[in-house]
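In what follows, a structure is listed as structure tokens, so that the remarks can point back to it.
The values are calculated or read from the model by the stated rules, or taken from the named source; none is laboratory data. Model, not experiment: these values are computed from the prediction. What goes into the accessible areas is simple: the full protein's heavy atoms, side chains included, and nothing from ligands, DNA or RNA. Shrake-Rupley method; radii C 1.70, N 1.55, O 1.52, S 1.80 Å.
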Amino acid sequence: MKIRPKRQSENVVDKRRIGQSTGAKVGMGAGGILAIIVALFFGSGALGGGGGAPGGLSVDDLMGALQQPASAEEQPQTGETVVDPDADLALFMGGVLDDVQNTWTEIYAASGAVYEPAKLVLFTGREASGCGTATSQIGPHYCPLDKYIYIDLAFYDELARRFRAEGDFAQAYVLAHEVAHHVQNISGIMDEVRRLQQQYPEDTNEFSIRLELQADCLAGVWAYTAYERDLLERGDLEEGLTAAAAVGDDRIQSQANGMVNPETWTHGSSEQRVEWFRVGFDSGDPNACDTFSQGL
């Protein structure tokens with residue numbers, strides 16, 4: 001992707017602990033947290049479910065693991081120069097954030113409205129948020145209460161290794177999806193979904209799925225504008241579609257336990273996520289992203 005910023009975005013809050021271990025390395029291996037990451041991946045923050053974590057681990061177990069201090073070998077020594085291994089990725093995330101939000105600023109302005117930018121918090125392991133505590137286990141997510149997006153950059157390693165969703169546009173898709181949740185929040189869509197979930201609790205998961213698929217579609221709208229501005233490179237669209245398919249509920253459940261249970265889905269199938277991303281990309285029109293009045 002042809003986004004190469006020279007300075008970090010003013011809307012990025014970098015709280016990473018450079019030189020310290022990430023949530024994927026403290027207390028448990030990356031493979032041990034895979035089920036937790038994928039179960040909550042791409043959540044909007046306020047609509048996620050509670051309860052115990054897969055594999056017999058409770059949320060308290062995970063929090064305890066994350067609170068364990070890094071070993072002496074993992075902690076940087078006094079006077080030691082610490083190199084940021086993710087410096088380029090952090091800068092790229094800021095560039096994508098600005099590009100996505102500039103697109104929404106223009107879309108809002110065209111309708112006579114003013115877009116309110118979200119902030120992106122880059123963190124390591126865990127970080128306090130308006131919705132509680134952001135952790136690596138939750139994965140990239142948006143908190144509607146403080147209007148911040150939270151990402152531990154270590155997640156992208158997991159996305160490439162375990163889900164085979166590689167490339168900078170796959171990374172950009174993740175962030176564009178979370179910005180789309182911000183758009184849903186400031187436009188009142190999230191509030192309406194919460195009201196409907198309270199009114200029709202038996203359809204809670206269905207409303208959550210439609211919210212997530214709409215965010216995929218809105219991410220596709222931004223991808224269309226990036227294509228129109230010649231920011232996409234060969235293979236970028238395929239990277240985005242691969243990432244969308246990789247985080248479908250059916251794909252996640254199949255990888256986790258070999259079984260697929262549509263009744264427990266909250267984000268949509270791989271096919272649905274790809275389909276709605278394509279709707280946004282093919283149309284370039286946010287109005288085409290009405291997942292609530294159409295059948296899935």
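For Cα pairs less than 8 Å apart in space and 6+ apart in sequence, what is the mean separation divided by the residue count of segment 188-281, i.e. the relative contact order in percent?
Dividing the mean separation by the residue count of segment 188-281 yields 40 percent.
Starting from the alpha-carbon convex hull of segment 80-139, give the projected area averaged over all orientations, in nm².
For the Cα atoms of segment 80-139, the hull's average projected area reads 5.9 nm².
Around Arg17, which amide H atoms from residues at least 5 apart in sequence, or from another chain, sit under 5 Å from its own amide H, with H modelled in the peptide plane?
Thr124
Measuring with a 1.4 Å probe in the full set of protein chains, what accessible area per residue, in whole Å², belongs to segment 68-215?
Here the per-residue accessible area is 43 Å².
Please pull out the direction-averaged projected area of segment 213-257, using the convex hull of its alpha-carbon atoms, in nm² to one decimal place.
Average of the hull's projected areas for segment 213-257 equals 3.4 nm².
Two decimals, Cα atoms only, Kirkwood Rh: what is Rg/Rh over segment 100-176?
On the Cα set of segment 100-176, Rg over Rh gives 1.04.
Obtain the radius of gyration and the Kirkwood radius of segment 113-246 from its C-alpha atoms and give Rg over Rh.
Dividing the radius of gyration by the Kirkwood radius yields 0.98.
Quick one: grab Rg to one decimal and Dmax as a whole number for segment 192-274, Cα atoms only, in Å.
Spelled out, the Cα radius of gyration and Dmax of segment 192-274 are 15.2, 46 Å.
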